[in-house]
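**Q** Here's a structure for you.
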């Protein structure tokens, strides 16, 4: 079965960077794009970016251009999300996610979420 | 890209039908048939309930249905049940391999 297992919670100071991981299993890693979605406390879902695990190409929403980098390691079926210049507004639960088979744009699989807290 | 516009809250009595709107622009909802809807209960990850605007994933109740007209997509929940009380989010393809979510709608079952 498809599983997305994320790294543990992080506490960072403003201005620092954070790098989260998401290990995939149960399917061919390079066959499906992976997305990152975040949710601030009490707020809605926010799409951040997407990576093609096969070629490594990544796309980011304009809001995070220059501050967000998505990478992958095909040898471990893991994707990474690095967000820099953190501010308090970046405090959120970060999810990695994958479309369901044939569900174009429909995210059927979610990681368990990683809480990132940005505080001085 | 701006978030898609959803009503903050919608309520209904058990057995009733409710509809949640999701308004975007000609650059997202209006241009693509890639609108998905998610249900999220407190403390849980979102759950896909509609994809490609009108299609229901395997295992999801057919009480959930989706539609689109112009720049506005809609989710209808028929035969409202207590377990439907949750937050609902729409999401649309926005071009250039990017996606955008709506602000979310809290559904209350009276």
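Here, each number is a calculation from the coordinates, and none is a lab measurement. Quick caveat, the model's predicted, so the values are computed rather than measured. Please note: Cβ atoms are built from the backbone with ideal geometry, for glycine as well, and neighbour counts cover all protein chains shown.
**Q** Which FRET efficiency value, to the nearest 0.05, is calculated for residue B:67 and residue A:63 with the Förster distance at 25 angstrom and r the Cβ-Cβ distance?
**A** 0.30
**Q** How big is the equivalent ellipsoid of the range A:4-68 along its three axes, where each semi-axis is √(5λ) from the Cα gyration tensor, reported in whole Å from largest to smallest?
**A** That gives 22, 16, 13 Å for the three semi-axes.
**Q** Computed FRET efficiency, Cβ-Cβ of residue A:75 and residue B:96, R0 35 Å: what is it to the nearest 0.05?
**A** That gives a FRET efficiency of 0.75.
**Q** Let me ask something additional. Based solely on C-alpha atoms, express the radius of gyration and the Dmax of chain A in angstrom.
**A** 13.7, 44
**Q** Want the number for residue A:19 to residue A:31: 0.36 nm per residue separation, take away the alpha-carbon distance, what's left?
**A** Stretched out fully, the residue A:19 to residue A:31 stretch lengthens by 2.0 nm.
**Q** Which order do A:59, A:47, B:37 fall in if you start with the one that has the fewest other Cβ atoms within 10 Å?
**A** Taking fewest neighbouring Cβ atoms as first place, the list is A:59, A:47, B:37.
**Q** Using the 10 angstrom Cβ neighbour count as an exposure proxy, how do A:22, B:90, B:22 rank, fewest first?
**A** A:22, B:22, B:90
**Q** Stick to the Cα atoms of chain B, pair each with every other, and give me the Kirkwood hydrodynamic radius in Å at one decimal.
**A** Roughly 13.7 Å, rounded to one decimal.
**Q** Using Cα pairs under 8 angstrom and six or more residues apart, how large is the relative contact order of chain A, in percent?
**A** Result for chain A is 35 percent.
**Q** For peptide B:32-40, compute the average count of partner chain beta-carbon atoms within 10 Å of each residue's beta-carbon.
**A** 3
**Q** Next up: Take chain B, connect every pair of alpha-carbon atoms lying under 10 Å apart with a spring to form a Gaussian network, then pick out the residue of B:17, B:96, B:31 with the largest mean-square fluctuation.
**A** Fluctuation is largest for B:96.
**Q** Among DSSP beta bridges lying fully in the protein assembly as shown, give the percent that are antiparallel, nearest 5.
**A** For the protein assembly as shown, the DSSP antiparallel bridge percentage is about 90.
**Q** If you don't mind, another one. State, in angstrom, two size descriptors of the range B:8-71 derived from its alpha carbons: Rg to one decimal place and Dmax to the nearest whole number.
**A** So, for the range B:8-71, Rg and Dmax equal 12.9, 36 Å respectively.
**Q** Evaluate 2.2 N^0.38 Å with N set to the residue count of the protein assembly as shown, then give the Cα radius of gyration divided by it.
**A** My calculation over the Cα atoms of the protein assembly as shown gives 1.00.
**Q** I need B:28, A:101, A:90 ordered by Cβ neighbour count within 10 Å, fewest first.
**A** Going from least to most buried by this count: A:101, A:90, B:28.
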